[in-house]
Amino acid sequence: MKKISIIIISALSVFFVVMASDYIKSRSGNDACIECHDAETPGIVKQYRSSSHSKNEVACYSCHEAEKSDPSGFEHNGFRVTAVVTPKHCGKCHSKEVQEFKDSLHDESGFFSLSAYGVREVEKRYKNTTLGRTANYKTNFSRESAEAGCLDCHGTVIKVGKNGKLINWPNVGMGRFNPDGSVGSCSTCHTRHRFSLEQARKPETCGQCHLGPDHPQREIYEESKHGNLFASDGENWKWDTPAGKWGPKDIDAPTCAACHMSGFGGAVKTTHNVSARLKWELEPMFSWTTDKEYLSGKKKFPIKRSIAARYEKIHGLRKGAIKSVKTGLPNPFAIAKKYAPEVYKAYVGPGKWWSRGKTRLDALGGEALRSSKEKREDMLKVCTQCHSRSWAEGDLDKADALIDVYNAVVLAIKLKYYDPIKREKLDKDIMFNGKSQVDNLWHEIWHHEGRIWRMGAFMQGQDWQHWEGSYEVADDGSHMADMLEKLRVRKAVKRKLRIR
Ligand code: HEC
Ligand code: HEC
Ligand code: HEC
Ligand code: HEC
Ligand code: HEC
Ligand code: HEC
Ligand code: HEC
Ligand code: HEC
């Protein structure tokens with residue numbers, strides 16, 4: 001009996017000593033960090049002090065401690081710290097959010113822009129950026145330009161140089177490749193060091209990346225009634241209610257975060273998986289529902305016969321020419337393998353951040369793997385906190401109905417005009433940056449106007465849906481027809497006049 005209590009007492013005292021020394025270390029460490037940084041970088045300490053982390057005694061070192069295996073760590077006044085704070089660090093306390101983020105397509109953002117990164121052959125080092133030779137090497141979409149554009153939104157590869165200096169730094173892109181083997185950046189929506197809920201819930205935060213001609217969700221939202229209500233009254237709404245509770249009692253109209261992430265008063269599960277409520281893929285060349293067979297690219301997505309027949313007739317295409325569209329593209333993993341195989345190898349494989357990486361389907365996890373119907377149901381649960389089911393469903397049905405029209409019209413333009421120009425090599429003498437005006441026009445049709453047409457409809461932006469979307473696609477379709485005609489005539493004239 002005596003022996004047992006001695007064992008217990010000594011075990012407990014070891015436990016308490018360990019606990020206490022850890023506690024003292026973190027507290028005194030924190031005090032040291034704060035004391036010195038209050039003088040060196042007072043802006044950081046001020047923001048930290050107003051954060052809920054400070055109130056909950058989350059120390060500087062809890063986030064900045066570098067694992068032994070992390071090459072970005074360095075000795076700093078008696079502590080091994082890193083400047084690159086990654087989802088691995090946040091995940092020590094917020095594992096749920098990190099897993100959901102990982103299960104969403106946000107986490108793959110970096111793969112999608114590797115075509116602009118692609119260090120196949122390191123050319124030279126310009127200050128703290130590695131420059132590579134890619135297909136874009138000799139164009140103005142070069143790596144130099146991508147570092148300040150694509151890669152600042154999507155994320156780049158952070159490397160550690162010989163002297164410990166961070167290369168391609170700073171970068172706060174969504175799918176940043178971190179030196180500790182993790183991917184992503186939580187401060188894209190929660191800037192350090194306030195880590196505020198209010199900021200993440202406001203549309204301007206998402207709008208930092210979701211704007212412009214190829215994905216103007218911010219502008220569409222501004223046009224919508226919801227955005228209008230936010231602009232006129234948002235300052236009186238309540239923004240800091242804890243997640244799960246924040247809902248229709250706090251705000252009158254939804255923001256991006258309310259529809260795509262928030263639990264919204266308990267109607268659905270709060271999620272960091274922005275793919276979890278999407279029925280459609282609206283950004284690829286053609287749209288298809290987010291069901292497994294299409295995400296993996298296994299099956300083509302059908303176009304309703306009556307709609308296909310309508311556009312075959314209008315454009316003089318043979319019966320059955322418009323039938324279905326390709327799915328599963330763009331495939332983030334295939335992009336990586338092609339443009340930056342060393343990045344693929346470093347982050348995909350057993351024990352790596354992604355254990356598997358073959359098709360677009362492998363990019364998703366958790367609730368994003370449900371059927372498209374279930375995902376739509378979650379979106380509707382948000383709407384019906386403020387609208388009747390028939391109102392909300394009626395509005396989304398309208399948008400659903402135009403997808404087949406979009407697919408059919410854009411496929412018709414491709415089959416009738418774009419494909420023949422490329423097949424007959426009619427534009428080979430008019431290239432700039434490796435692309436012709438025909439290529440650029442085709443890109444604008446699906447990548448800009450086509451996305452606007454589709455997204456405008458789903459997010460209540462009528463002007464975007466029609467005048468910036470559907471109308472522009474038709475206008476550019478007619479330009480494409482004009483180009484085919486003129487390029488064929490030009491080819492014939494040149495042959496006649498024996499111009500090379
Ligand atoms: C004695 C002063 C002092 C102490 C103590 C101190 N720092 Fe620093 N820290 C600095 C200075 C000075 C810099 C450099 C600022 C600059 O480059 O302008 C710095 C830079 C940093 C950086 C940025 C490094 C980079 O490459 O961008 C981080 C992160 C950091 N400190 C975290 C911490 C943490 C966490 C602690 C406590 C564990 C801490 N510091 C303790 C003075 C201090
Ligand atoms: C909740 C986690 C967290 C805590 C707590 C935290 N930081 Fe940070 N810190 C970050 C993140 C995230 C970044 C941005 C770096 C990145 O993108 O990876 C950062 C960046 C920095 C930088 C470099 C930024 C720059 O502009 O040069 C310094 C210096 C720094 N932190 C110091 C501190 C100090 C001092 C404290 C305590 C007062 C502290 N941090 C507390 C997460 C944290
Ligand atoms: C050592 C544990 C710890 C680490 C590491 C940590 N947090 Fe926290 N975080 C907390 C605690 C504790 C709270 C407050 C209680 C709560 O809301 O759960 C909190 C709250 C938050 C909140 C809600 C803020 C609010 O106003 O309610 C956000 C957002 C957040 N953390 C983001 C992050 C991010 C991003 C990182 C990594 C850069 C991070 N945290 C790292 C412990 C941590
Ligand atoms: C302003 C920030 C920003 C810049 C700059 C940017 N992108 Fe994007 N990109 C986005 C956003 C936001 C989306 C999501 C579009 C959507 O879902 O509507 C996206 C989508 C994509 C997609 C499609 C992803 C998918 O899921 O199908 C690819 C591929 C892509 N971008 C590549 C690039 C490349 C390459 C560059 C530079 C030449 C670039 N982006 C520049 C923000 C940006
Ligand atoms: C730092 C840039 C950035 C910010 C900030 C950002 N996003 Fe994104 N988002 C992207 C990029 C890049 C993509 C496209 C690439 C991808 O999906 O992998 C994307 C894709 C998406 C998608 C499509 C996912 C899918 O499965 O097709 C949704 C929905 C989305 N974001 C919602 C949001 C919301 C809501 C916010 C704000 C709370 C937000 N994003 C903030 C960059 C950003
Ligand atoms: C696309 C923007 C976006 C990104 C990226 C993001 N968050 Fe959030 N986060 C939000 C929003 C919006 C909320 C508030 C949800 C709500 O309305 O209830 C939130 C809430 C939180 C909370 C509070 C949750 C709670 O239950 O109190 C934590 C903790 C958090 N985020 C951590 C993280 C971590 C860790 C990461 C990185 C893996 C991250 N966030 C990345 C937008 C984002
Ligand atoms: C009223 C709710 C609502 C609001 C507010 C809202 N969205 Fe959406 N969003 C939707 C719906 C519904 C869809 C279509 C979903 C589907 O696939 O069925 C959508 C689609 C998207 C997509 C396309 C995903 C894909 O397939 O590529 C992105 C990206 C996006 N929203 C981002 C945003 C951003 C950023 C904001 C704020 C500026 C925002 N949304 C505001 C409801 C909303
Ligand atoms: C937080 C409450 C709230 C949520 C959630 C919400 N709405 Fe709304 N919505 C409103 C309010 C308020 C109006 C303005 C009603 C009016 O015009 O009197 C509105 C207006 C609309 C309109 C009319 C647009 C116009 O131009 O007049 C449509 C359509 C709509 N919402 C659809 C949706 C859909 C679809 C969803 C879910 C994806 C949704 N709403 C989610 C509050 C909400």
- Test: residue in the stretch 274-290 that is within 16 Å of ligand 3 (Cβ to nearest atom), crowded, with 16+ Cβ neighbours inside 10 Å and in a loop (DSSP other than H, G, I, E, B): yes
- Item | Cβ pairs under 7 Å, 6+ apart, first in the stretch 223-243 and over 17 Å from Gln385 (Cα atoms), second open to solvent by 60 Å² or more (accessible area, probe 1.4 Å) and assigned to a loop (DSSP other than H, G, I, E, B) | Asp233/Asp252
- Message: Being farther than 15 Å from Ala257 by Cα, near ligand 8 (Cβ under 10 Å from one of its atoms) and in a helix (DSSP H, G or I) is the filter here; which residues of the stretch 218-232 pass it?
- Response: Glu223, Lys225, Asn228, Leu229
- Enumeration of residues in the stretch 173-199 that are open to solvent by 20 Å² or more (accessible area, probe 1.4 Å) and not in a loop (DSSP other than H, G, I, E, B): Cys186, Ser187, Thr188, Leu197, Glu198, Gln199
- Task: Tell me, yes or no, whether the stretch 8-17 has at least one residue that is away from ligand 5 (no atom under 16 Å from the Cβ), of a type outside the set (D, E, K, R) and either within 27 Å of Thr188 (Cα to Cα) or at pLDDT 95 or above (or both).
- Result: no
- Message: So, in the stretch 46-61, how many residues would count as being farther than 15 Å from Leu197 by Cα, within 7 Å of ligand 2 (Cβ to nearest atom) and assigned to a helix (DSSP H, G or I)?
- Response: 1
- Message: With the structure loaded, tell me whether Ala258 is without any contact (Cβ under 8 Å) to a residue 60 or more places away in the chain, assigned to a helix (DSSP H, G or I) and either assigned by TED's automatic domain parsing to the domain that holds Leu441 or within 14 Å of ligand 7 (Cβ to nearest atom) (or both) or whether it fails that test.
- Response: no
- Task: Output yes when any residue across the stretch 254-270 is surrounded by fewer than 21 Cβ atoms within 10 Å (Cβ to Cβ), in contact with a Pro (Cβ under 7 Å, 6 or more places away or on another chain) and of a type outside the set (Val, Ile, Thr), and no when none is.
- Result: yes
- Message: Considering only residues that are in contact with a strand residue (DSSP E or B) (Cβ under 6 Å, 6 or more places away or on another chain) and buried (at least 19 other Cβ atoms within 10 Å of the Cβ), which ones fall in the stretch 351-392?
- Response: Trp353, Trp354, Gly357
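Is it the case that some residue within the stretch 443-458 is touching a strand residue (DSSP E or B) at 6+ places or on another chain (Cβ under 9 Å), modelled with pLDDT of 95 or more and open to solvent by 40 Å² or more (accessible area, probe 1.4 Å)?
Going through the stretch 443-458, the residues touching a strand residue (DSSP E or B) at 6+ places or on another chain (Cβ under 9 Å) turn out to be 443, 454, 458.
Filter again for modelled with pLDDT of 95 or more, leaving 443, 454, 458.
Subset that is open to solvent by 40 Å² or more (accessible area, probe 1.4 Å): 443.
Yes, the conditions are met somewhere in the stretch 443-458.
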- For Ala258, all conditions in the list (1) aliphatic (A, V, I, L, M); (2) under 20 Å from His190 (Cβ atoms); (3) in contact with a strand residue (DSSP E or B) (Cβ under 8 Å, 6 or more places away or on another chain) hold save one; what is the number of the exception? (3)
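Can you find a residue in the stretch 341-348 that is under 30 Å from Gly118 (Cβ atoms), modelled with pLDDT under 95, more than 16 Å from ligand 4 (Cβ to nearest atom) and in a helix (DSSP H, G or I)? Write out each step before concluding.
Our first condition is that a residue be under 30 Å from Gly118 (Cβ atoms); within the stretch 341-348, this holds for 341-348.
Retained after the next criterion (residues that are modelled with pLDDT under 95): 341-343.
From what is left, the residues that are more than 16 Å from ligand 4 (Cβ to nearest atom) are 341-342.
Filter once more, keeping what is in a helix (DSSP H, G or I): 341-342.
For the stretch 341-348, residues under 30 Å from Gly118 (Cβ atoms), modelled with pLDDT under 95, more than 16 Å from ligand 4 (Cβ to nearest atom) and in a helix (DSSP H, G or I): present.
The values are calculated or read from the model by the stated rules, or taken from the named source; none is laboratory data. Everything numeric in this text was worked out from a predicted model, so none of it was measured. Don't worry about glycine lacking a Cβ; one is built from the backbone with ideal geometry, like all the others, and counts go over all protein chains shown. Remember, those area values only see protein heavy atoms, side chains included, never the ligands or the DNA or RNA. Shrake-Rupley method; radii C 1.70, N 1.55, O 1.52, S 1.80 Å.
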